[in-house]
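Data block below; observations after.
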Amino acid sequence: MTADNVLWVCAVLAETALVILLWKKHVLNTLPVFFIYLCWALATDVAGYSIQAFYPQSYPTFYWGQMVIDSILVFAVLVELAWSVLRPIRKSLPKRSWIGIALLIALAGLLVWPIAGFTVPGKLTSVGTYLFRLQQTFAILRVVVFLGMAAFSQVLSIGWRDRELQVATGLGFYSIVSLGVTVAHTHQLQGTQYHWLDEVVMASYLAALGYWVFSFTTKVVERQNFSPQMESFLLLVGGTAKTGRSALGNFVVTKNRPKDHQ
Amino acid sequence: MILISLQIAAIVCLGVYFFRWRSGVRRRNAQSWDSLLARLRPDWSARELSDQFLWKEGLNATPQDAWQRMEGPKGLWVMYQNAQTMMEMADYAARNSETVDRLLLETLRSDAMQIRVCVLMALAQYGFSKASEGVRINAFRAATMYTGMAARMTQLLQENNPMMVPNFVAAM
């Protein structure tokens, strides 16, 4: 059995375990796109192996289609994760803010696309060039979006729930390794070296799957004490929002009044 | 060779940042209530902003006065950090209680975030134009919400733990 086959079998087993686990934990309700993405990954891994074994001539077409859909799903996962991180402050955002997030990520992708074009090796066919560029764009985009989310949540002090953090950790790790490998690929390592690097990406994906299986089988950290005193503390402090806004409102009205009469 | 080394170094730096950020979030999620309270910074006081600071909400100063009384960027930065602690308190409540009013938590987060946004805007503007009208208005907005929070904290301590009030008042 080759290393590729071992990695493939392990990945399919881990994906199957994870899909069953996420289904049991009702993750479909909280992170539906992530769940669909994993189901898609499982289906394409099985289908890809079967097509390669029985209809090898159809494999390039399958790979092309799979990669395009995979990219769309990765984009959707990023939007879902970003929107999920904003859950604590969603009420203070406009209802359709997720569209804004999607547009921002798409815009980042459009900016990355030409940059990724500079790194495509010259010897590839036109389809190969396109695929390589798409792969690189998404490798860079994932890292850019994760960094953006981390920096944004740090500046505004938005907390991450454990599950979101676990999903982001797995994806972030896989994304950084993928980016490192695509950078190495641009320097035109040939033959075996090129393939070793692909195996590194597969191994990092497997590690992310293993981490998710471990995380989702582990119980969420037990709750700490939250006494009625603590609750009334928050009640009192939280009540300032209205006061603060009304004070500001009064200030703005007072400040604008002379202009209104002009 | 130099190019690939630089690229790999940049990716390693990203990995380190990602790891550190993740550790920070995990640490934050594991904090106790006492450690959160202890993180409220007492090294700058907002008492100059109001004659009845800690006892009554609202400011009795104009944006111009408030800017001078809060010692400019120093006061803004303390408000920024204390607002972060307030956000973390709201997260703590959300994680550890099922009965706490969710709307209240959202209001609290929104309030603390508004303070942080106002402070960041004021500091950014200050970097370019020093204490202009816009800087002072943003600082005033942040200070109004901040003094309200502080006044309510005092009221709460008075009701629930009067022994702590003198220390709290001294600290604020």
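The Cα atoms of region A:16-101 give a gyration tensor whose axes a ≥ b ≥ c have a/c of 1.5 or more with a/b no greater than b/c, which makes the shape oblate.
Counting, for every residue in B:5-12, the Cβ atoms of other protein chains within 10 Å of its Cβ and taking the mean gives 3. The mean count of C-beta atoms from other chains within 10 Å of the C-beta of residues in A:162-172, rounded to a whole number, is 2. Counts of other chain beta carbons within 10 angstrom of each beta carbon in peptide B:136-145 average 3. The chymotrypsin sites (Phe, Trp or Tyr not before Pro) of region A:137-207 include none that meets both conditions, a loop assignment by DSSP and at most 13 other Cβ atoms within 10 Å of the site Cβ. Evaluated with a Cβ-only charge set (Lys, Arg +1; Asp, Glu -1), region A:3-222 carries a dipole of roughly 820 debye about its Cα centre, given to the nearest 20. Could you tell me which trypsin sites (Lys or Arg not before Pro) in region B:87-141 are loop residues by DSSP with no more than 12 other beta carbons within 10 angstrom of their beta carbon? Here the sparse-neighbourhood loop sites are B:130. Sparse packing (at most 16 other Cβ atoms within 10 Å of the Cβ) combined with a DSSP loop state is found for the following trypsin sites (Lys or Arg not before Pro) in region A:1-103: A:25, A:95, A:96. For region A:3-222, dividing the convex hull volume of the Cα atoms by the residue count gives 135 Å³ per residue. Charging the Cβ of each Asp and Glu at -1 and of each Lys and Arg at +1, and nothing else, the dipole of region A:115-200 about its Cα centre rounds to 180 debye. Each peptide in B:28-34, A:30-36 was scored by the mean count of other Cβ atoms within 10 Å over its residues; highest first, the order is A:30-36, B:28-34.
Every number here is computed from the coordinates shown, using simple stated rules; none is lab data. Remember, it's a predicted structure, so these values are computed and weren't measured experimentally. Cβ atoms come from the backbone with ideal geometry, glycine included; neighbour counts cover every protein chain shown.
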